[in-house]
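Read the structure below first, then the notes.
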Amino acid sequence: MSITLNSLHWIYLIFIFLIIGIMVKKRDTTLVCIMGIFILGIVATKSLPLAISGVFNSLIYAITELLGTILIISIIYGMSKVLEATGISEVMISPFTKFIKTPTLAYWIIGILMMIISWFFWPSPAVALMGAVLLPVAVKVGLPAIGVAVAMNLFGHGIALSSDFIIQGAPKLTSEAAGLPVGDVINASIPLVITMGLVTTIVAFIILKRDMKNNKISAEENNINMSLYSNEKGTEGGIVKTMLSSRAKKIFSIIIPILFALDVFIMIKANLQGGDATALVGGTAIFILTLISMCTYKSKGLEEITQFLIKGFQFGFKIFGPVIPIAAFFYMGDMGFVTVFGEVLPKMSQGIVNDLGVALAHSVPLNDMVGAITLTSVGSITGLDGSGFSGISLVGPIARLFSTAIGSGAATLTALGQVAAIWVGGGTIVPWAVIPAAAICGVNPFELARRNLIPVIIGLVVTTVVAMFII
């Protein structure tokens, strides 16, 4: 299928480069994103009122899409604050200190556990489970919170989600689009996933250790997270002191992991995945917050439940506030544009971002080297919408196109496009996609995306070269 690019596509592409340039300079992109949406609206609708209202509606669309993530982050944070205020968090983390003794062990243990849990339940619920328990341990042994976020990102939203060996949502979408058996795509993805995973995690670790040695990661960055498990036994204002006995703290420190373990059992038994699994974790966190507040503050428990929830929601929206405008702009690259501005795209359009990917695939020569580079580029471009999954159905037909011309490599090219799309858009270098890990760790999502950028780019280059040899 051939797509003719029009002014909407070129305007969108120009604003992408503007946003990337501003992010590289570590400046806020809100104004550019709002202007981008407005100009796209003007060009598409030829109406000033529709373009102005479209800016507002795009923010509503972005909030709607992100609402589940906002809620789980807010609730987990609220729960973490009640654990901090009562001293339960300190009791909970003490057993883990026996295994995690150094920053290096913290990075690799958290990463590998994140990868394994994400294979079964996908990364969002895994981030909530891992962050609530292991973040304090890692920081206590000297791994900066940004290092914990990097590990959870790369191993969970990167390795686990791009391979998706257990749930098989990603390979099923790409294999069906390419007309291949899902098993062929999974088998072809194994060497690519291993290459990408090893390169990115090792490079990220080397950079992290270098910055720790050179004191480029400031102490203030950890202070954000230390408040989650500090030695103070009170609320943020320090007015209400904990009334839990040491015995009660130990009981709760046992009950809480058991409740989350039951969540894991229910996920397996009921085959809960993605949003359903996240909702189960979030609901459990609400009940934990409620139970501890009532047992601790007795007659004041009703008010304290509300206060902890308020703190959670304040934190959640504070974290998401700078991200919503940029998410709104990139959602306009997908079919969110039709939702906001109506049926104004070309008839055969699959969304502005996907159209750009198709145009790229049809403008390059057909051989194995160019095929691998093109599939990586198309996957990366379609991942810019922050989903990772919206574009992987596109890489299948493009992989089939190149493999037909080359005479081989259909499964490898399909797997390569899948890996690139999900590593970029699934939650490693697109700022709003890294929010779950960033928020749980209390770090800036833009800083986390920047820190992941170099390892992921190096990983994509090496993985593309490996794919060329396999083809």
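Looking only at the stretch 399-408, residues that are open to solvent by less than 20 Å² (accessible area, probe 1.4 Å) and in contact (Cβ under 8 Å) with a residue 60 or more places away in the chain come to 1 in all.
In the stretch 70-105, which residue that is outside any helix (DSSP H, G or I) and open to solvent by less than 50 Å² (accessible area, probe 1.4 Å) is modelled with the highest pLDDT? Write out each step before concluding.
Applying the first criterion (outside any helix (DSSP H, G or I)) to the stretch 70-105 yields 87, 99-102.
Keeping just the survivors that are open to solvent by less than 50 Å² (accessible area, probe 1.4 Å) gives 87, 100.
On the way: G87: 80, I100: 87.
Ranking the candidates gives I100 first.
Within the stretch 33-54, being touching a residue at least 60 places away in the same chain (Cβ under 8 Å), over 16 Å from L345 (Cβ atoms) and among the β-branched types (V, I, T) holds for one residue alone: I34. Would it be correct to say that K300 is of a type in the set (D, E, K, R) and either within 28 Å of the chain's Cα centre (by Cα) or at pLDDT below 85 (or both)? Judged against the criteria, K300 is not a match.
G283 passes every criterion in (1) under 17 Å from A132 (Cβ atoms); (2) surrounded by 15 or more Cβ atoms within 10 Å (Cβ to Cβ) apart from (2).
Scanning the stretch 157-202 for residues that are not in a helix (DSSP H, G or I) and not small (G, A, S) yields D164, F165, I166, I167, Q168, L180, P181.
Among the residues of the stretch 360-384, the ones that are of a type outside the set (V, I, T), open to solvent by 10 Å² or more (accessible area, probe 1.4 Å) and either touching a Lys or Arg at 6+ places or on another chain (Cβ under 9 Å) or at pLDDT below 80 (or both) come to 8 in all.
Listed by first and then second residue, the pairs linking a residue in the stretch 179-200 that is within 14 Å of G409 (Cα to Cα) to a residue that is open to solvent by 30 Å² or more (accessible area, probe 1.4 Å) and in a helix (DSSP H, G or I), with Cβ atoms under 7 Å apart and 6 or more places separating them unless they lie on different chains, are G179/R400; P191/V466; P191/I470; L192/V466.
Here V443 meets the list (1) β-branched (V, I, T); (2) under 29 Å from I75 (Cβ atoms); (3) in a helix (DSSP H, G or I); (4) open to solvent by less than 10 Å² (accessible area, probe 1.4 Å) almost entirely, failing just condition (3).
The values are calculated or read from the model by the stated rules, or taken from the named source; none is laboratory data. Note that this is a predicted model, so its numbers are computed, not measured. Note that each Cβ is placed from the backbone with ideal geometry, even for glycine, and that neighbours are counted across all protein chains shown. The accessibility values were calculated without ligands, DNA or RNA, using every heavy atom of the protein model including side chains. Shrake-Rupley method; radii C 1.70, N 1.55, O 1.52, S 1.80 Å.
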